[in-house]
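Each remark here refers to the structure printed beneath this line.
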C-alpha cells in the first residue's frame with residue numbers, strides 16, 4: 001500500500017485496487033482522473049470560501065459584492081454627469097454676463113445640483129431662462 005497526498009486530501013492505494021480517501025473507501029473505477037481533478041479544484045476554491053460556506057453561496061456572495069460595486073460606480077458616474085451639467089450651466093451664463101437673471105438662475109441651479117450630489121438626491125431640473 002502506498003499513501004499519496006492530493007491537495008489537502010490523503011489517499012492510499014489498497015491491494016484490491018481501490019482507494020482509501022480521507023478514511024472513506026472508493027473503488028478504483030470511481031476514483032479516476034476527473035475525481036482527482038475535482039479534489040484539486042475543491043482545494044483551490046477552499047481559500048475563497050468562508051467557514052461552512054458552499055461554493056454556490058460563495059458565488060452568490062461575490063455576485064452581490066460585484067453588484068454593489070457596480071451600483072457605486074453608476075452613482076459616481078451619475079454624480080459626475082450632474083457636476084458637468086452644473087458647470088455647463090455656469091459656463092453658458094458666464095458667456096453673457098449682462099444677462100444677470102440667467103447668471104443667477106445658473107448659479108442657483110449649480111448650487112442645488114452640487115448640494116444634491118452630496119446628499120445623493122436628484123436635483124430639480126433647470127434650464128437657463130431667457131427672461132430679462
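All of the numbers you see were taken from the coordinates with simple rules; none came from a lab. In this text the structure is predicted, and so the values were computed from the model without any measurement. Neighbour counts run over all protein chains shown; Cβ positions are idealised from the backbone, glycine included.
With the cut-off at 14 Å, report for the range 55-119 the share of all Cα pairs above it, as a whole percent.
So the portion of pairs separated by more than 14 Å is 66 percent.
Once you compute Rg and the Kirkwood Rh from C-alpha atoms, what is the Rg to Rh ratio for the range 2-46?
Taking Rh as the inverse mean 1/r over Cα pairs, Rg/Rh reads 0.96.
Between residue 47 and residue 69, what FRET efficiency follows from the Cβ-Cβ distance if R0 is 25 Å, with the result rounded to 0.05?
Step by step, r from the Cβ atoms, then E = 0.75.
Evaluate the distance, in nm, between pseudo-label points positioned 7 Å from the Cα of residue 96 and of residue 115 along their respective Cα→Cβ axes.
Once both label points are built, they end up 2.6 nm from each other.
Arranged from highest to lowest average of other beta-carbon atoms within 10 Å per residue, in what order do the peptides 84-94, 36-46 appear?
Per-residue Cβ counts within 10 Å, averaged per peptide and sorted highest first, yield 84-94, 36-46.
Remind me, relative contact order of the range 55-119 in percent, using alpha carbon pairs under 8 angstrom and six or more residues apart?
Worked out over the range 55-119, it gives 33 percent.
Quote to one decimal, in nm, the extra length available between residue 83 and residue 33 on full extension: 0.36 nm per residue of separation minus the C-alpha distance between them.
Stretched out fully, the residue 83 to residue 33 stretch lengthens by 12.2 nm.
To the nearest µm²/s, what D does Stokes-Einstein give for the range 1-90 at 37 °C and 0.692 mPa s, using the Kirkwood radius over alpha carbon pairs as Rh?
190
Cα centroids of the range 60-103 and the range 15-46: how far apart, whole angstrom?
Here the answer is 56 Å between Cα centres.
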